[in-house]
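Throughout, read-outs are computed from the coordinates displayed, never taken from laboratory work. Everything numeric here is computed off the predicted structure, so don't read it as measured data. Glycine gets a Cβ as well: all are built from the backbone with ideal geometry, and neighbour counts include every protein chain shown.
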Amino acid sequence: MRVLIAEDDEALAKFVRQGLEGENYSVDVFADGEQARSAATEREYDLVILDLNLPTMDGVSVLRYLRLKKPSLPVLVLTQRTRVEDKVQCLDTGADDYLGKPFSFNELSARIRALVRRSHLPSEPVLTVSDLKLDRVEHLVERAGRRIELTTKEFLLLEYLMRNTGRRVTRSMIIEHVWNLTFDTTTNVVDVYINYQNLGTTGSGDPLQVGAGTEVGSTPSLFTQGSVSSTGVSTDVAIQGSGFFVLQDPSGVINYTRAGDFSELNNYLVTASGQQVLGYPAVNGVINTGTGLGPLQLGAGTISPPTATTNVQLTTNLNAAASPTDPPFSTPITVYDSLGASHILNFTFTNTGPGAWSYAVTIPPGDLGAGGAVQNGTGTLQFDSSGNLVQPAAGNDPAITISGLADGAANLPFTWQLYSNGSGLLTQVAATTSSTSSANADGAGSGSLVKFTIGSDGVITGSFSNGKTQALGQLALATFANNDGLQLDGNTDFSPTLASGQAVLGTPNAGGRGTLSGGALELSNVDIATEFANLIVAQRGYEADAKAVTTFDQITQDTIALKQ
């Protein structure tokens, strides 16, 4: 249906026009009363929306004139005048409805539909041609009971043609009733729409045949390498080179993808849609790639077991100026037993003469149970005139054992390493006082998972609070003989076909498979600017073809007319 809006408020007129066009109305807008009066009397409109405060001719005068010339044309007054006197004057002059500003567009739309239903239009609210029905009020089209979705212009064009069934309509008539006054009459848009909605008996005898149009021939996937961008998210991983990640959904279906935007769910590495990422799980830190693939756990709740101390090193200088009467020098060091419990040992050094010292290793009495003791925890040290350790000699490091620990741990034997690469770690040179620069002992208590990383070989390595690292699993990659033969299953998931060949599984950076970048994602390998340019070229080609068909049709029609 075609609507005329007489409104001098440009913003309001634009708002109403956009709303009505969104509901399949064809709309013309005029900003002064004289233009609106002329257009409404010279052209065919189904409804007039009239403001009262118009320049050149006020709304009441326009309304009075329209009632003389077109008494059946519905007029809805839309104005800021809300006094009862104004409403009575307009309704008595011939207005069919009256709505004050400000207003709700939904209310305006409902009032327009009501006017259409009860107005004396030249056709019924529901148009019917054979089994084709068009509801002008609800803007619905059905064919044999099946709903047909049409654009605004398609709806208006079909409505006009159905209202003129059996009549000859010209191009200018269609433009006048379907398009607004700003339409460029030099284009071939009308011809394209007419060819698209050609009335005939072809197409299985359908009275309304929709053109064959176009269809998608194929949607090929592009498997070239995309650039890699760091994200810092430990679950993100990008493939650099060939390969696809292996996924499994809850029903057991296997898919493949290059999108590595994974996350953690219930301690498993999963995709955004909940598919589990498959690989080679680790057992006690050992990965066996000879076993089948399985879901990869990320180590939450995993405890790194304790390790008992086996070696101790002290880098200590004993003051050469010390005498047997000086107080002993002590230095502590922490060691761990088989249960992961820590114990502080004290190494006490006492000068016994020039270049001679004795040592004693002790442990707090509370750390020992009944019968517990430090075995081989005492001895002597001898330094030469240059302050270098000579006794015990290299290769004769003291072997000390702590037995009978109170926590029930096994005996703790360890070696006190006095030398490193043939040089003594203990020295004796003159100083203000004896000192220890470093004290090191291996072993560690138990630890919980702090974080994990994904290496270039796909190994997921967990870092624990006790300073240890442990392999949690290894991602698997799949390659195919022909990537272009893969079937896109939606999003970024693919499945193999006969054309692609079966998946060949293995570890990254082996067998021609690419490497991985943890904490990074592979970006799109599509150049949007290039694809947009290609789209423009295709569109231009389509427009040229449409014009060629239109020209041919016009020449054919002119030829037939000459013959007639």
- [ ] With a cut-off of at most 16 other beta carbons within 10 Å, and DSSP calling the residue loop, which GluC sites (Glu not before Pro) in the stretch 25-101 qualify? Please list them.
- [x] Glu44
Task: Cα long-axis angle, helix 152-163 against the chain (0 to 90 degrees, to the nearest 10) - done: 30 degrees
Task: Among Pro71, Ser26, Met57 - extreme Cα towards positive end, dipole of the stretch 1-120, charges at beta-carbon - done: Pro71
Task: For the chain, calculated [θ]222 nm from helices alone, where every DSSP H run of n ≥ 4 adds -39500 (n - 2.57) - done: -7000 deg cm²/dmol
Task: Proxy reagent accessibility, fewest Cβ within 10 Å first, across Val178, Val169 - done: Val169, Val178
- [ ] Work out Dmax and Rg for the stretch 311-441 from the C-alpha atoms and quote the Rg first, both in angstrom.
- [x] 15.0, 46
Open item on the list: Can you tell me what share of the DSSP beta bridges in the chain is antiparallel? A percent to the nearest 5 is fine.
Closed with: 80 percent
- [ ] Mind checking which of Tyr45, Gly94, Thr82 is farthest towards the positive end of the stretch 2-118's charge dipole, using Cβ charges of +1 (Lys, Arg) and -1 (Asp, Glu) about the Cα centre?
- [x] Gly94
Task: Exposure proxy order (Cβ contacts within 10 Å, fewest to most) of Glu107, Glu7 - done: Glu107, Glu7
Task: Evaluated over the stretch 2-118, the Cα radius of gyration and Dmax, each in Å - done: 12.7, 35
TODO: Rounding to the nearest 20 debye, state how big the charge dipole of the chain is about its Cα centre with +1 on each Lys and Arg Cβ and -1 on each Asp and Glu Cβ.
DONE: 840 debye
Open item on the list: Can you give me the angle between helix 33-42 and the longest principal axis of the chain, using Cα atoms only, in degrees from 0 to 90, rounded to the nearest 10?
Closed with: 70 degrees
Task: Positive-end residue of Ser323, Leu475, Gly252, charge dipole of the chain with Cβ unit charges - done: Gly252
Task: Order of Ser109, Ser104, Ser456 under a 10 Å beta carbon neighbour criterion, fewest first - done: Ser104, Ser456, Ser109
Task: Over 35 Å [Cα-Cα, the chain], rounded percent - done: 68 percent
Open item on the list: With angles folded into 0 to 90 degrees, how steeply does helix 528-563 sit against the dominant principal axis of the chain? Use alpha carbons for both and round to 10.
Closed with: 20 degrees
Task: Kirkwood Rh in Å, taken over the stretch 386-457 so that all alpha-carbon pairs contribute - done: 16.4 Å
Task: J(HN,Hα) series, the stretch 20-25, from Karplus relation 6.51 cos²θ - 1.76 cosθ + 1.60, nearest Hz, glycine and proline x - done: 6, 5, x, 10, 6, 9
- [ ] Would you work out the charge dipole size for the stretch 2-118 about its Cα centre, treating the Cβ of every Lys and Arg as +1 and the Cβ of every Asp and Glu as -1, and quote it to the nearest 20 debye?
- [x] 420 debye
